[in-house]
Amino acid sequence: MKMKKSKPTVSPLAYKLILSAGITLLLISIHYSYFSPAGYGDWMLGALAALVNSLIWGLRAPWDKLAGGLCALLYFLYIAGQSLYYRLFGQYIFLSTAVGLRSEATQNLGAGFSAVLPQDWRFLIALIVIFLLLTQLRPQPKQDAARRNKPVRGVLVCLSLCLICSLIFYGKLRGAEADEFYYTYSDQYLYDHVSSPRQFVELFGPEAFFLRDVKLNQLEPLRFRSQKRQAQEEIAAYLQAAPAQPNAQTGLFKGKNLIFFEAESLTQAVIDPVLTPTLFRLQQEGYDFTNYTAPLLQGSTSDVDFMLNLSLMPNNEGVIAMQQYARNTYPVSLAKGFAGQGYSAVAAHNGTKEFYNRDQFYAQIGYEDFWDLGVLGPEYGTSDAVCMEIIEWMIDDSQPFFLYNITYSGHQGYEQSDLTDHNEATAREYAASYAKVNQRYPQLDEQVKVYLAKSMSLDLAVASVIDHFQQKGTLDQLVIAIAGDHRAKGFSQAVIEETSEQLASHSSLEDVPFFLWSPSIKGQTIEKPGTDIDVLPTLFNLFAIDVAPEWIMGHDLLDPRYPGYADNDHQILTDNYRYDKQTREFSELNVPLEQAMEENEHWLRIHEIANLILKYDYFAE
């Protein structure tokens, strides 16, 4: 009879020590495989490891192995998931944000898998192998009461270590707190408000980010309900601003029609005199805002929709603004402003309107209709150019019109298959564009070539619009606005730098354009720093649409009194100064330091105030 091979046994103390050491090494390996040491040290990693070990010492076999293994697996999924999201978006994500984006993520699994590196799979396999080896270990039967008490001592030791690590971390944080007058610039402010998840993780580590995520987004809302009045007072004080005054461009486009392109992943790298001649011409002949910044926030394109349409910052507390706050009251929007002047206001998108909850959100902010693929007719993935040939004939130009068009062609992924897995017209268009890219820039990275080829569809769409209204004899009544939604995603820093060197323009995959064009204007470069929230007040000034400054967060970029504001999560730039968010140092000062600090504090608080506006539905009062 064949004997069953028994698992190796060791003394209960040795068993606990080996298991504890194995799981601890797994946690440490997972952390340092994806993250560098945090600015405050990795004391919260130590606290986490000690807490997990308290479970190992407190539970009997085999539950101790199961608990330790499960904790290691969940930790790996969290750390690797954050790393993957950072590769795609250059930012870290709250858990509730990830849950809110689950339907969007399932529709873009290809883009996500393209960011998974071989080391991720190797590490997961190694994790499983090590855990399986640990499962082969088992303790000898306990023999006396003294030995039974040793695990209890182990639990107490682990909990003590957890407490010590936590106290050291919070002690360093409290010790670094600045004077109360400089609280906004302190590490404590960043820790309290998580104004920048990327900066938070770099300074405090992913474990501390997880804890703040749970506290801010699960526990804090319960306490904040009792603080609504205080929040309203803070918001009102923050939004106080001098009324806008007319300037040289006020009313320049009054009565004209507007087609606004929120251009998916459009960057300066796309704009080329050979590959995209129409975009190149319009940027040269129109108002080009050269210091425009479109930050890639946690909600990605949905946050851009929100900022461009409302001139408000979205929240940064772990929920998607267009989903969580779609039913809030918004007194000002692009659609409402133009509708108030007798315009029709329609949104269009070569995607589905349910994506990002656009169907509910756009109706709430004043659009009378939303033309998605269900209305336009073509299948999912149809190019910008093909869809625009349909949209331009649907526009009712018997009255002034405003069309907000959200493009799609520039979206990830950027593999060769992403050029062909479409209907015949789109595949043929992409193939021709890729051939042009390959001829002009044969040395480019293959994924960059695909990105450029797909993005060229916007050029064809804009050219089609111009030709359409020129043939109708109404081109002189048309204004075209084009704003990229965010940088091109999924490219490594090495590819970004290499691409910039190889392009004739030396443009970057990270620089996002915003420009306006109409046959009635001459080319002009506006160097004032600006961002998405400034688009609405700038357009309203040009179209002579009034807006109360206390209802928006942005400013008219053509107002000579406004020093500008741009924030790419690394630095804040205005005409008055440059502020490095990592070193917290000012440079290029054109005003006294005290004035720069006062102005900068306003911008550092913008996400904090935005959270309050949305959470308490401020404008409904």
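The values are calculated or read from the model by the stated rules, or taken from the named source; none is laboratory data. Nothing here was measured: the structure is a model prediction, and the numbers come from that model. Positions of Cβ are backbone-derived with ideal geometry, glycine not excepted, and every protein chain shown enters the neighbour counts. For the accessible areas, the whole protein counts, side chains as well, though only heavy atoms, and no ligand, DNA or RNA atoms are used. Shrake-Rupley method; radii C 1.70, N 1.55, O 1.52, S 1.80 Å.
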At Arg174 and Val375, where each label point lies 7 Å from the Cα along Cα→Cβ, what is the point-to-point distance in nanometres? 5.8 nm
Starting from the coordinates of the alpha-carbon atoms of the range 485-611, obtain the Kirkwood hydrodynamic radius over all distinct pairs and give the value in Å to one decimal. 16.9 Å
Just subtract the alpha-carbon distance of Gln341 and Glu601 from 0.36 nm times their residue separation and send over the number in nm, one decimal. 90.0 nm
Could you size up the charge dipole of the range 210-313 around its Cα centre, putting +1 on the beta carbon of Lys and Arg and -1 on that of Asp and Glu, and report it in debye to the nearest 20? 500 debye
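Only Cα pairs under 8 Å and at least 6 apart count here; give the relative contact order of the range 378-535 as a rounded whole percent. Provide the component values of the computation, followed by the final result.
Values: 149 pairs, mean separation 36.3, N = 158.
Relative contact order for the range 378-535 comes out at 23 percent.
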Out of Tyr85, Phe204, Val129 - ranked by how far each Cα lies towards the positive end of the dipole of the chain, with unit charges on the beta-carbon of charged residues - the top one is Val129
What does the helix-only formula give at 222 nm for the chain: each DSSP H stretch with n ≥ 4 adding -39500 (n - 2.57), the total divided by the residues, and the result rounded to the nearest 500 deg cm²/dmol? -15500 deg cm²/dmol
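Give, in whole angstrom and from largest to smallest, the semi-axes √(5λ) of the equivalent ellipsoid of the range 410-462, with λ running over the eigenvalues of the Cα gyration tensor.
Working: eigenvalues 50, 31, 21 Å².
In descending order the semi-axes read 16, 12, 10 Å.
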Excluding residues fewer than 8 places away in the same chain, name every one of the aspartates and glutamates whose C-alpha is closer than 14 Å to that of Lys215. Asp192, Glu207, Glu317
Length-normalised contact order of the range 206-342 in % [C-alpha pairs under 8 Å, at least 6 apart]: 18 percent
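At a Förster distance of 35 Å, what's the computed FRET efficiency of Lys436 paired with Asp120, Cβ-Cβ distance as r, to 0.05?
On the way: r = 35 Å, r/R0 = 1.00.
It comes out at approximately 0.50.
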Rolling a 1.4 angstrom probe over the protein heavy atoms, how many square angstrom per residue are accessible across the range 186-298? 40 Å²
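How big is the C-alpha Rg of the range 336-495 next to the rule-of-thumb value 2.2 N^0.38 Å, as a ratio?
Values: Rg = 16.9 Å, N = 160, 2.2 N^0.38 = 15.1 Å.
For the range 336-495, the normalised Cα radius of gyration is 1.12.
Taking 1 over the mean of 1/r across every pair of different Cα atoms in the range 536-583, what Kirkwood radius in Å do you get? Can you show the working numbers first?
Details: mean 1/r = 0.0820 Å⁻¹.
Final number for the Kirkwood radius of the range 536-583 is 12.2 Å.
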Ranked packing of 12-18, 580-586, 566-572, 538-544, most packed first, by mean Cβ within 10 Å: 538-544, 566-572, 12-18, 580-586
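Give the whole-number value, in cubic angstrom per residue, of the convex hull volume spanned by the C-alpha atoms of the range 411-507. Don't jump to the answer; show the numbers that get you there.
Numbers: hull volume 12.0 nm³, N = 97.
Residue-normalised Cα hull volume stands at 123 Å³.
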For an R0 of 51 angstrom, estimate the FRET efficiency from the Cβ-Cβ distance between Leu167 and Gln284 and round to the nearest 0.05. 0.25
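May I ask you to order 384-391, 430-437 by the average number of other C-beta atoms within 10 Å around their residues, highest value first? Before the final figure, lay out each step's value.
Values: 384-391: 22.9, 430-437: 17.8.
The packing order, highest mean first, is 384-391, 430-437.
Let's see if you can work this out: charge +1 on each Lys and Arg Cβ, -1 on each Asp and Glu Cβ, no other charges. What is the dipole magnitude of the range 436-539 about its Cα centre, in debye to the nearest 20? List each step's numbers first, then the result.
Working: 9 positive and 14 negative charges, 74 e Å.
I would put it at about 360 debye.
Count the DSSP beta bridges whose two residues both fall in the chain, then state the antiparallel fraction as a percent rounded to the nearest 5. Each step should come with its number before you reach the end.
On the way: 14 of 42 bridges.
Looking only at bridges with both residues in the chain, the antiparallel portion is about 35 percent.
Counting only protein heavy atoms, what percent of the accessible surface of the chain is carbon or sulfur at a 1.4 Å probe? Can you show the working numbers first?
Numbers: 15210 of 26980 Å².
Carbon-and-sulfur percentage of accessible area, whole number: 56.
FRET efficiency for Val157 and Ala504, Cβ-Cβ distance as r, R0 = 56 Å, nearest 0.05? Walk me through the numbers on the way to the answer.
Working: r = 64 Å, r/R0 = 1.15.
Efficiency computed from Cβ-Cβ geometry: 0.30.
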So who's got an amide H within less than 5 Å of the one on Ser195, skipping anything under 5 residues away but keeping other chains? H placed 1.01 Å off N, in plane. none
Considering the Cα trace of the range 268-388, what is its radius of gyration and what is Dmax, both in angstroms? 16.2, 45
Taking Cα extents along the principal axes in Å as the quantity of interest, determine which of (1) 95, 61, 51; (2) 97, 63, 42; (3) 186, 81, 40 was computed from the displayed structure. (2)
Once you wrap a convex hull around the alpha carbon atoms of the range 211-333, what is its projected area averaged over all directions, in nm²? 11.5 nm²
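What does the highest-first list of 519-528, 477-486, 454-463, 420-429 look like by mean Cβ count within 10 Å?
By packing density, highest mean first, the sequence is 454-463, 477-486, 420-429, 519-528.
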With charges only on Cβ, +1 for K and R and -1 for D and E, what is the dipole size of the chain about its Cα centre, in debye, rounded to 20? 4160 debye
Of Leu156, Phe338, Leu74, which is farthest towards the positive pole of the chain's charge dipole, taken about the Cα centre with +1 and -1 on the beta-carbons of Lys, Arg and Asp, Glu respectively? Leu156
Just want the answer: with Cβ charges of +1 for Lys and Arg and -1 for Asp and Glu, which residue in Gln284, Val214, Ala463 is farthest toward the dipole's positive end in the chain? Val214
